[in-house]
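Q: Okay, handing you the structure first.
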Amino acid sequence: MTEAGKRKVVLFTACSLDGYIAGKDDDTSWLFGDGDHGYREFLATIDTVLMGRRTYDLALQMGPFPYADKECYVFSRSLMGGDEHVEFVNQPVKEFVDMLRGREGRDIWLVGGSELISGFMMAGIVDEFIISMHPIILGEGIPLFKPRIPSCPLGLIGSD
């Protein structure tokens, strides 16, 4: 939590050494071979998951929905309503996050992808970055940060 009960928006993600969150053709197979990087511990700190549509589609392809015990929202330009796993969101990210922060709860996980991350950074609403660097160079794929996001000075809390 940040100031007086304010829920934090935390970007918890992994990327390659050269800054990609997925390889060519959305390949994420490289993410799962070298430990959980604090994932299970982190999950206990959040009760809400925010993701983009492509990230949601990838999550569905990986087997049972991994966040079934969390409140999940998917930002989409075209889908409305929801399904058995998520509610689709069509409103601006800051407006939606302000509404979530007004509710009681744990922190809020910004899963991705890079379009959504860029939108959150442009709105200045990411409170904490937890980024696991995997020892691989992909050379191409989906970058963690899109070009032309605003400068964002950060302080290092720790590294392993």
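Derivation of every value follows stated rules applied to the coordinates shown; laboratory data play no part. Keep in mind that this is a model prediction, so the values were computed, not measured. Ideal geometry is used to build each Cβ from the backbone, glycine not excepted, and the neighbour counts take in all protein chains shown.
Q: Is segment 30-91 rounded, prolate or oblate when judged by the Cα gyration tensor, a ≥ b ≥ c being the square roots of its eigenvalues, rounded requiring a/c under 1.5 and prolate requiring a/b larger than b/c?
A: Because a/c hits 1.5 or more and a/b exceeds b/c, segment 30-91 counts as prolate.
Q: Would you grab the residues whose amide H sits under 5 Å from the one on residue 134? Only those 5+ places off in sequence or on another chain, please, with H modelled 1.01 Å from N.
A: Excluding prolines and chain starts, which carry no amide H, the hits are 15, 16, 17.
Q: Restricting to DSSP H runs of at least four residues, report the calculated mean residue ellipticity at 222 nm for the chain, -39500 (n - 2.57) per run over all residues, nearest 500 deg cm²/dmol.
A: One gets -5500 deg cm²/dmol as the mean residue ellipticity at 222 nm.
Q: So who's got an amide H within less than 5 Å of the one on residue 72, skipping anything under 5 residues away but keeping other chains? H placed 1.01 Å off N, in plane.
A: Close amide H contacts, sequence-distant or interchain: 49, 87.
Q: Simple spin-label model, 7 Å along Cα-to-Cβ: residue 62 to residue 122 in nm?
A: 2.6
Q: I'd like the FRET efficiency for residue 80 and residue 149, computed as 1/(1 + (r/R0)^6) with the beta carbon distance as r and R0 of 25 Å, rounded to 0.05.
A: About 0.35, to the nearest 0.05.
Q: Treat every Asp and Glu Cβ in the chain as -1 and every Lys and Arg Cβ as +1, leave all other atoms uncharged, and give the resulting dipole magnitude about the Cα centre to the nearest 20 debye.
A: Values: 15 positive and 24 negative charges, 102 e Å.
So the dipole magnitude of the chain works out to roughly 480 debye.
Q: For residue 12, which sequence-distant residues (separation of 5 or more, or a different chain) have an amide H within less than 5 Å of its own amide H, given hydrogens modelled in the peptide plane?
A: Residues meeting the criterion, in which the H sits 1.01 Å from N, are 110, 130.
Q: Students often forget the sequence filter, so: which lysines lie under 21 Å Cα-Cα from residue 94 once same-chain residues fewer than 8 apart are removed?
A: Answer for residue 94, where 21 Å is the Cα cut-off: 6, 8, 70, 146, listed by chain and number.
Q: Can you give the extra length, in nm with one decimal, that the chain gains between residue 159 and residue 104 once fully stretched, where that is 0.36 nm per residue apart less the Cα-Cα distance?
A: On the way: separation 55, 0.36 × 55 = 19.80 nm, distance 2.99 nm.
That pair, residue 159 and residue 104, stretches by 16.8 nm at full extension.
Q: Here's another thing I want to ask about it. Quickly rank 77-87, 99-109 as a protection proxy: mean count of other C-beta atoms within 10 Å, highest first.
A: 99-109, 77-87
Q: Given contacts defined as C-alpha pairs under 8 Å and at least six residues apart, what's the relative contact order of segment 3-143, whole-number percent?
A: 49
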